[in-house]
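The values are calculated or read from the model by the stated rules, or taken from the named source; none is laboratory data. Small disclaimer: the values here were computed from a predicted structure and weren't measured. Every residue, glycine as well, gets a Cβ built from its backbone with ideal geometry; the counts of neighbours run over all protein chains shown.
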Ligand SMILES: [Zn+2]
C-alpha cells in the first residue's frame with residue numbers, strides 16, 4: 001500500500017498573480033495593497049467555485065482511491081490534482097474503458113486515474129486539458145462527451161479520436177497522438 005503526497009514538489013499554479021505574493025517580502029516593504037489582496041481573494045474564491053462545480057465528477061474519481069489503496073495501488077497529489085494509480089485502477093482502465101486495449105489514463109474532475117506512475121507522467125499534459133474541460137463544463141462534461149461519442153459513432157467516425165474534447169487534448173500534446181494511434185490500432 002502506498003499513498004504519497006507530493007504537494008510540496010509541485011505547487012498548483014496561480015495564473016495572474018506575481019511570483020512570491022504569498023511569501024515574506026524580501027524588501028520588508030509594505031504588504032500587498034488592498035487591490036492586490038482583492039485580486040488574491042477573487043482568485044481563491046474563483047478556484048473554490050470551480051472546485052465545487054467539478055465536485056460531482058471528482059467524487060466519482062475519488063471512489064477509486066480506497067479501491068486502489070486496498071489492492072496495492074497508490075496516490076499522489078500533483079499540480080492540484082489527485083492522481084490514483086495501480087491495483088484495481090489498472091484493472092478498471094484495462095478492462096472497463098471501452099477502448100481497444102483499454103486506457104492508460106482517465107480524468108474524472110480533479111482526479112486522474114492511471115495504470116501506473118509512468119503512464120501518468122506520459123499522459124499528464126493531455127489529462128490536464130480534460131481537467132480544464134471538466135472545470136468549464138462541470139456536471140455537463142460526461143453527458144456531452146458521451147453524446148459526442150455516440151453521435152460520431154453513428155456517423156461512422158471514431159467515437160474517441162474524433163471527439164472534440166479529445167481533439168482539444170491531443171492538440172495540446174500532438175506527440176501523444178501518434179503514440180496513442182499505435183496504441184489503439
Ligand atoms: Zn483524452
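A few remarks follow.
- Filtering region 149-160 for residues that are surrounded by fewer than 17 Cβ atoms within 10 Å (Cβ to Cβ) and in contact (Cβ under 8 Å) with a residue 24 or more places away in the chain leaves an empty set.
- Where strands (runs of 3 or more DSSP E) fall wholly inside region 75-185, the ranges with 3 or more residues that are in contact with a strand residue (DSSP E or B) (Cβ under 6 Å, 6 or more places away or on another chain) and within 14 Å of the ligand (Cβ to nearest atom) are 111-114.
- The condition of being closer than 23 Å to residue 184 by Cβ and modelled with pLDDT of 95 or more holds for only one of 99, 65, 108, 59, that being 108.
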